[in-house]
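The values are calculated or read from the model by the stated rules, or taken from the named source; none is laboratory data. These numbers come from a predicted model, not from an experiment. With ideal geometry, Cβ positions are generated from the backbone for all residues, glycine too; neighbour counts draw on all protein chains shown. Please note that ligands, DNA and RNA were not included when accessible areas were found on the heavy atoms of the full protein model with its side chains. Shrake-Rupley method; radii C 1.70, N 1.55, O 1.52, S 1.80 Å.
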Amino acid sequence: LREVVGGAAQAFSQGANPADRWQLYSGTSVGSRAAPCSSSVREAGAAVAQQVGAATSVRHWAAVQAGARFVEVWAGLFPQHVSELASASSLPGDSQDGTVPCSYMDLADQAHDSSMFYALAQALHSVVLDRCGDDQSSPNGGPDDDLRRLGCCRQLLAALAEVAGRLGPSGLEALAPALRRPSLCALLAVAPLRGSLHVPCLQLLQLLVQSPRLFQLAHQVHSDQNALLAAANLLVVPSIKSEDAEQPTPLAAAPPPATPTADAASGGPAPMDVCTPVEGVGAGGGDVEYQDGPERQACRAAALELFCRCLATVPRPDAVLNLRGAPTVQDEVVDTVLQRVVLLCHHELLCLGIHGDDGGPWRDAALRECAARRSRSVDLSLSILSSFVWQTAPWAPDVPQVEADATQAETCAALGRMRPLLASIVDMASRRGAASGPGGSRALAAASALRVLLAKAD
């Protein structure tokens with residue numbers, strides 16, 4: 001495979017002048033010299049798809065991991081090759097009536113099953129959701145199978161993220177097969193631990209939702225397989241353990257890694273345990289849901305980045321911020337994404353007010369790192385809230401006061417039971433922005449945007 005891709009690079013380097021080399025590299029020239037590069041790229045892509053597909057079918061995770069690593073390096077060195085392969089496996093455009101496929105399956109089925117992207121996506125679904133054989137002597141059997149799956153899954157996520165980063169919003173539709181089954185949702189549904197795959201999953205989702213079509217499909221998925229709802233559940237701050245403690249109601253009943261598959265009735269070992277304790281990685285105890293640490297804080301920041309990207313993709317913020325699986329679960333009200341962002345922002349501001357940003361009297365390095373993570377979450381939360389206010393209750397001098405009051409009241413109603421926290425958030429953000437000097441301008445700007453709702457929030 002390296003020789004085939006090297007042939008494409010050699011053909012590129014043999015152009016007569018820089019303009020010819022660029023035409024040969026990008027595949028835009030009409031002459032015969034563009035054909036060898038394009039042919040080599042297609043051959044390499046087909047070879048990768050064949051090798052990865054064969055390794056996936058026999059559950060040889062080390063070979064799948066090697067293929068994913070090859071694709072990651074290839075995409076990093078030759079991004080134009082990725083664009084060319086995406087064009088070759090691109091999906092048809094929208095129909096004449098403006099409709100789009102209504103499910104992951106409809107969109108993914110339009111992709112070429114022989115494409116390299118399809119093979120990588122199928123490998124990800126298999127390593128996360130499917131069950132391996134009972135043969136303990138096979139390369140994929142034995143007690144170390146979960147560790148091999150974990151390493152393979154991490155590499156597949158890295159390869160898909162590298163490819164997605166090289167494609168534009170329209171080219172991202174070639175990665176629709178990655179959303180064909182709820183693999184990302186299953187990975188996000190488990191408790192964050194050191195060494196888990198939450199942040200790579202969220203980074204991949206952040207790249208995928210840049211495509212309006214992929215976001216629309218992700219938004220419409222049923223709640224128990226919705227990756228956006230699984231990401232929203234990461235915004236919950238763990239409660240302090242007590243004898244009568246109750247867990248926060250999740251936005252959706254996200255599936256565990258043991259999501260049923262087509263062969264669920266055939267029996268066999270359980271699917272990959274993405275939280276398998278390994279040496280030096282840390283293990284989850286029975287009280288892991290009550291623990292807040294660097295892993296959960298990093299996941300919350302990554303989830304907020306994902307929703308910021310979603311807000312940049314959709315025309316209306318309520319499509320993202322009002323997202324929830326059901327209004328109530330077991331007679332308990334389920335908070336929307338917006339309400340959870342409000343609570344998280346208030347929590348992080350309170351914590352920063354307690355321990356500060358400089359590590360306390362001892363200048364503790366771990367506390368400074370914790371403050372940096374919390375500050376990142378505060379910045380993202382205030383950005384989301386201020387964007388929501390500006391788009392739903394914009395201030396304009398020519399708008400009648402009665403209409404402005406009604407719009408502000410409707411915006412406050414979307415905050416639900418988190419409305420009393422708004423005044424405290426504005427106060428803490430204003431004081432924090434004023435104390436931070438020039439660097440606190442974003443906090444002051446967000447506080448100014450939120451201040452217009454204080455009269456209606458009480």
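Tell me, which helices (runs of 4 or more DSSP H) lie completely within region 373-458 with 2 or more residues that are acidic (Asp, Glu)? Spell out how you get there, then give the answer.
On the way: elements: 401-413, 421-435, 441-451, 454-457.
Counting at least 2 such residues, we get 401-413.
Report whether or not VAL334 is closer than 17 Å to ALA230 by Cα, at pLDDT below 95, aliphatic (A, V, I, L, M) and surrounded by 16 or more Cβ atoms within 10 Å (Cβ to Cβ). Break it down stepwise before answering.
Details: closer than 17 Å to ALA230 by Cα: yes; at pLDDT below 95: yes; aliphatic (A, V, I, L, M): yes; surrounded by 16 or more Cβ atoms within 10 Å (Cβ to Cβ): yes.
The answer is yes for VAL334.
So if I check each of CYS102, CYS37, which one is farther than 16 Å from GLU162 by Cβ, crowded, with 21+ Cβ neighbours inside 10 Å and at pLDDT below 50?
Details: CYS102 fails: crowded, with 21+ Cβ neighbours inside 10 Å.
After applying the criteria, what remains is CYS37.
Any residue that is touching a residue at least 60 places away in the same chain (Cβ under 8 Å) and open to solvent by 10 Å² or more (accessible area, probe 1.4 Å) - is there at least one of those in region 361-372? Steps first, answer last, please.
We begin by selecting, within region 361-372, every residue touching a residue at least 60 places away in the same chain (Cβ under 8 Å); these are 369-370.
Narrowing the set further to residues that are open to solvent by 10 Å² or more (accessible area, probe 1.4 Å) leaves 369-370.
Yes - at least one qualifying residue is present in region 361-372.
ALA393 is checked against (1) of a type outside the set (Asp, Glu); (2) modelled with pLDDT under 90; (3) more than 22 Å from ALA447 (Cβ to Cβ); (4) crowded, with 17+ Cβ neighbours inside 10 Å and fails just one. What number does that condition carry?
(3)
Collect the residues in region 402-458 that are touching a Gly at 6+ places or on another chain (Cβ under 8 Å) and modelled with pLDDT under 85, keeping them in residue-number order.
Within region 402-458, just GLY440 meets the criteria.
Select from region 337-360 the residues that are more than 18 Å from the chain's Cα centre (by Cα), open to solvent by less than 30 Å² (accessible area, probe 1.4 Å) and touching a residue at least 60 places away in the same chain (Cβ under 8 Å) and write down the one among them that is farthest from ASN233 (Cα to Cα). Give the derivation first.
Here is the first cut: in region 337-360, the ones more than 18 Å from the chain's Cα centre (by Cα) are 339, 342-360.
Filter again for open to solvent by less than 30 Å² (accessible area, probe 1.4 Å), leaving 339, 342, 344-346, 348-349, 351-352, 356, 359-360.
Subsequent filtering for residues that are touching a residue at least 60 places away in the same chain (Cβ under 8 Å) retains 339, 342, 344-346, 349, 352.
On the way: GLN339: 12, VAL342: 14, LEU344: 12, CYS345: 15, HIS346: 17, LEU349: 20, LEU352: 22 Å.
Restricting to residues being more than 18 Å from the chain's Cα centre (by Cα), open to solvent by less than 30 Å² (accessible area, probe 1.4 Å) and touching a residue at least 60 places away in the same chain (Cβ under 8 Å), the top hit is LEU352.
Any residue in region 303-331 that is under 23 Å from GLN210 (Cβ atoms) and of a type in the set (Ser, Thr, Tyr) sitting within a Cβ distance under 7 Å of a residue that is in a loop (DSSP other than H, G, I, E, B) and open to solvent by less than 70 Å² (accessible area, probe 1.4 Å)? List the pairs, counting only those 6 or more apart or interchain.
Pairs that qualify, where the first residue is under 23 Å from GLN210 (Cβ atoms) and of a type in the set (Ser, Thr, Tyr) and the partner is in a loop (DSSP other than H, G, I, E, B) and open to solvent by less than 70 Å² (accessible area, probe 1.4 Å), are THR313/VAL209; THR313/GLN210.
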